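For reference, the structure discussed in these notes is given below.
Every number in this text was worked out from the coordinates using simple rules, so none of it is lab data. All of these numbers come straight from a predicted model, not from anything done at the bench. A quick note on method: Cβ atoms are made from the backbone with ideal geometry, for glycine too, and the neighbour counts reach across all protein chains shown.
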């Protein structure tokens, strides 16, 4: 009977580490966060219960909604383009006749595995208004008369941040889609070819629908990723100019570790989670409606 | 000055030495290595154990517990950074490397998910024969499943190394003394320091980028296969 009992208990022992982690480093902190969000705690000993005040303040705070809006704009600026590009690259790299696939695959993933800080620094250097190489080229080729202020106008700063994020993540999404493509049965393509379907039709009628789930996964991850962008906007423009690249997580960081408004910042994190849950549900709905 | 000069006229290796000595990058390198290696060991052990528990046993509450695990994947840890800071502060861990290492020893939902997907594809007969031999669950895990998991473990290991090596927000929040800094934090410190030339920043940038690249090149072959194995379909 020894191993029978053991096999009844064993799974719980195996999965225990994760649930200890969940309790210690996610659930307890999260509940604590919810609690703090109802207080005016600023880091000193005493915290006063203020009810829904922080949430009220948040609801009427311009910068919070701006941060949500910024994330939405940045999302729209890069996610559709990135997914399309990633999909095209994945399809190209999935062609059996293409030489040097390993090299290409690696090349596209390199931006994702190098440090964000490093990538951001390089872009600061490239996009600099006065001595960045991009402006040098644009001026030299007479594309523009004045150097473009890539990092110091709200309009361009958002585009720059969106571009850096696209550059960093297109390869990663390509990998996921490429892995997804391996599971599409070859017969589907062969049948389509026999029927004389054109490449564009094959792409939209077979490839895209078959990858629906992977695309959903990529979109959900990109949404959460965009709303919690931190390093890129922080290094490139400190969330500016005029808060144009401030995301909810950047705001959360600023309010907590720079201004010490822990109560208010906790309200931001709770609101952020609710918003993410809402957006994820919305995307699940959108994708499942489109699937069949 | 147009066209720009793409190829510099001379290579100055001493730039690297100079940049490396502006701040104590040797210390930062040591800290980064400690964090990365210890996280990786912990992550591999715990994630594979938890994945094994979920994939190879039937037990009450399994599906509900697994749904909880998946749901936590959606929570970026950033939202708990204030209470985590306070928790680590109570434990006396602030300004030590522990907050960056210890949580990794409990597994991570994404890696558990990846490994479980792989383990689900292994036929049942394997552990049935082990059961008849009377091997304990842990022995079965160690002798049968760990060897099978090696390619997937390489994938997890590579992802995890990149994440920890490149992590910035964690060190930024939990470390405040320069002697505890990791490389990324040291590099970021250059922004806003006066009199640091771009050459130095780029020199350090280059050095920081090399280890992940080397690791990735070495493991490249396993990665797409690993992702395909784990089958996010």
- Which of rounded, prolate, oblate describes segment A:226-292, given a ≥ b ≥ c as roots of the alpha-carbon gyration tensor eigenvalues and a/c under 1.5 marking rounded, otherwise prolate only if a/b is larger than b/c? oblate
- Task: Determine the shielding of peptide B:59-67 by partner chains: average, over its residues, the number of Cβ atoms on other chains within 10 angstrom of each Cβ.
- Result: 3
- Taking segment B:50-168, the whole-percent share of alpha-carbon pairs separated by over 23 angstrom is 44
- Using only C-alpha positions, report the orientation-averaged shadow area of the convex hull of segment A:151-225, nm², one decimal. 6.3
- Between residue A:182 and residue A:88, with labels modelled 7 Å along Cα→Cβ, what's the label distance in nm to one decimal, could you check? 2.5
- Please compute the Cα-Cα pair-distance distribution of segment A:51-139 with 10 Å bins starting at 0, giving whole percents from short to long. 13, 21, 32, 21, 10, 4, 0
- Over the whole of A:92-105, what's the average partner chain Cβ count within 10 Å per residue? Rounded to a whole number, please. 1
- Task: Could you list B:13, A:49, B:20 in order of exposure, starting from the residue whose Cβ has the fewest other Cβ atoms within 10 Å?
- Result: B:13, A:49, B:20
- Degrees between helix B:25-56 axis and first principal axis of chain B (Cα, 0 to 90, nearest 10): 20
- Checked segment A:165-292 with the C-alpha gyration tensor, a ≥ b ≥ c its square-rooted eigenvalues, rounded below a/c of 1.5, otherwise prolate if a/b is larger than b/c and oblate if not; verdict prolate
- Query: With contacts defined as alpha carbon pairs under 8 Å and 6 or more residues apart, what's the relative contact order of segment A:1-95 in percent?
  - Reply: 12
- Quick note on A:247, B:21, A:39, A:280, ordering by fewest other C-beta atoms within 10 Å, gives B:21, A:280, A:39, A:247
- Message: Quick check: from the Cα gyration tensor, does chain A come out rounded (a/c under 1.5), prolate or oblate?
- Response: oblate
- Taking neighbour counts of Cβ atoms within 10 Å as a proxy for exposure, in what order, fewest first, do A:189, A:55 appear? A:189, A:55
- Using Cα-only point scatterers and the Debye equation, what is log10 of I(q)/I(0) for the protein assembly as shown at each q in 0.05, 0.10, 0.13 Å⁻¹, rounded to two decimals? -0.22, -0.92, -1.51
- Scattering profile of chain B from the Debye formula, Cα beads only, expressed as log10 I(q)/I(0) at q = 0.14, 0.17, 0.18 Å⁻¹, is -1.00, -1.25, -1.33
- Query: Which residue, A:110, A:143, A:184, tops the fluctuation ranking in a GNM of chain A built on C-alpha contacts under 10 Å?
  - Reply: A:143
- Message: Within segment B:15-32, name every residue whose backbone N is under 16 Å away from a label modeled 7 Å from Cα of residue B:178 along the Cβ vector.
- Response: B:18-31
- Take each of the peptides B:120-128, A:60-68, B:72-80, average the number of other beta-carbon atoms within 10 Å over its residues, and list them starting from the highest. B:72-80, A:60-68, B:120-128
- Query: To the nearest whole number, what is the average tally of beta carbon atoms from other chains within 10 Å of the beta carbons of peptide A:21-32?
  - Reply: 6
- Message: Test of understanding: in a Gaussian network model of chain A with alpha carbons linked when under 10 Å, which of A:75, A:38, A:30 would top the mean-square fluctuation ranking?
- Response: A:30
